[in-house]
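Working notes, beginning with the structure itself.
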Amino acid sequence: MIPPTLPAELKAALEAKLEGFSRSEAAERAGRISETYRAGGTSATIRSERDALAYALARMPATYAAVAASLNALTEIVPDLAPASLLDVGAGPGTASWAAAQAFSSLTSFTLIDANDNLRRLGLALARDSARLEDYRYLPGEACTNVAAADAGDLVIASYLMGELGEDDQRRLAEAMWAKARHALLVIEPGTPAGYARILALREQLIAAGGHVAVPCPHDGPCPLVSPDWCHFSQRLPRLQAHKQIKGADVPFEDERFAYVALTRAQVTRPHARVLAPPVVGKAEIVAKLCTADGLAKAKIPRRDKAAYAQARRWRWGDGVMDES
Ligand SMILES: C[S@@+](CC[C@H](N)C(=O)[O-])C[C@H]1O[C@@H](n2cnc3c(N)ncnc32)[C@H](O)[C@@H]1O
């Protein structure tokens, strides 16, 4: 398990880049970029080195936390996954690569693909002094073309990328990334209904192509959730001082909502169920919303069933439930 916080080396590299960059300017640039995103725009709005740094300060802690949580879920189900090479698609400043480097001591080779020069330059600068990220290179240009041309990776990750592509490109890229994933592909999106819909489409496409869902679903069958419900998870992360200033917020943490799926080439032993919302702990019972191979279940665990109740008290939103208790 890795923590949802940026590694000290990355934090220090970001802080070093902040010298001479006023918080008010960073906040103004980050605010403009967020507005563009909210209006359905893309990171093409990041047009300078300063934009890239403002974006990283505002968003990298949260997208890192979502990648870390997804990797933790994946390594819990596939504990023997030991990738040596990573393909990080739509890598931006290198968020997923940093998280994967923490999660897998086996990783030695990092290939990042991104179309944005400014984010690429920032990503290279952040990793420059890292001994851990020694074999670390960016392929500039468009993701579909570049993934097709890249060497395969033991693990392929696309974090917060799919939403920037049209539907046809999402399908093309999903196919290309799967073709290059030797062992596993992890795709993460914002935890909105639209982000979930993209994850669901990719999940169906790649199950049809022979993939097995490792997480979060405890099955390869159709998703049992019915609109307006959608599958998403939440990761709490602390806010650094600069992060608070840029967001104009006093609260020392934020909750990042995300949707994700990881597919593997080999079958894995899945949990019996996954917890889809914070369980409600009442006086007489715990009520939990679970996804199971048989569909959606509202589990009620009475206090009088002491062992099961004690176990259910430890359940958190997003957890895999390993047996039927
Ligand atoms: C929202 S950012 C996410 C960055 C990073 N993966 C993260 O999780 O923090 C999306 C990234 O995808 C890149 N991108 C978007 N469309 C792309 C495309 N067609 N080809 C390559 N990169 C693309 C953008 O330049 C940007 O760096």
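The values are calculated or read from the model by the stated rules, or taken from the named source; none is laboratory data. Note that the structure is a prediction, hence the values are computed from the model and not measured. Because the Cβ atoms are built from the backbone with ideal geometry, glycine has one as well, and the counts that use them run over all protein chains shown.
With (1) crowded, with 19+ Cβ neighbours inside 10 Å; (2) over 21 Å from ASP129 (Cα atoms); (3) under 19 Å from the mean Cα position of the chain (by Cα) as the list, and ILE46 as the residue in question, which single condition is left unmet?
The single condition ILE46 does not satisfy is (3).
In the range 18-50, what residues are more than 16 Å from the ligand (Cβ to nearest atom), free of Cβ contacts under 8 Å to residues at least 40 places away in the same chain and in a loop (DSSP other than H, G, I, E, B)?
Passing the criteria: GLU19, GLY20, PHE21, SER22.
Looking at the structure I just gave you, is ALA127 within 14 Å of the ligand (Cβ to nearest atom), within 19 Å of LEU263 (Cα to Cα) and among the small types (Gly, Ala, Ser)?
no
What are the residues in the range 214-243 that are closer than 18 Å to LEU71 by Cα and touching a Ser or Thr at 6+ places or on another chain (Cβ under 8 Å), if any?
ALA214, VAL215, PRO218, HIS232, LEU237
Quick one: would you say LYS283 is modelled with pLDDT of 95 or more, among the basic types (Lys, Arg) and either out of contact with any helix residue (DSSP H, G or I) (no Cβ under 6 Å at 6 or more places or on another chain) or in the same structural domain as ARG198 (by TED's automatic domain parsing) (or both)?
Against the criterion (modelled with pLDDT of 95 or more, among the basic types (Lys, Arg) and either out of contact with any helix residue (DSSP H, G or I) (no Cβ under 6 Å at 6 or more places or on another chain) or in the same structural domain as ARG198 (by TED's automatic domain parsing) (or both)), LYS283 does not qualify.
What about GLU164, is it more than 9 Å from the ligand (Cβ to nearest atom), surrounded by fewer than 21 Cβ atoms within 10 Å (Cβ to Cβ) and acidic (Asp, Glu)?
No: the conditions fail for GLU164.
Within the range 128-142, is there a residue that is in contact (Cβ under 8 Å) with a residue 40 or more places away in the chain and part of a helix (DSSP H, G or I)?
There is no residue in the range 128-142 that is in contact (Cβ under 8 Å) with a residue 40 or more places away in the chain and part of a helix (DSSP H, G or I).
Scan the range 152-161 residue by residue and report those that are buried (at least 19 other Cβ atoms within 10 Å of the Cβ) and either within 13 Å of the ligand (Cβ to nearest atom) or over 14 Å from the mean Cα position of the chain (by Cα) (or both).
GLY153, ASP154, VAL156, ILE157, ALA158, SER159, TYR160, LEU161
Considering each of ARG59, ARG128, ARG137 in turn, give the residue that is modelled with pLDDT of 95 or more and more than 28 Å from GLY211 (Cβ to Cβ).
Answer to the selection: ARG128.
Could you please let me know if VAL261 is modelled with pLDDT of 95 or more and either closer than 30 Å to LYS11 by Cα or in contact with a Cys (Cβ under 9 Å, 6 or more places away or on another chain) (or both)?
When the stated conditions are applied, VAL261 passes them.
Restricting attention to the range 82-122, report how many residues are more than 10 Å from the ligand (Cβ to nearest atom) and more than 25 Å from ALA266 (Cα to Cα).
Adding up the residues that qualify gives 1.
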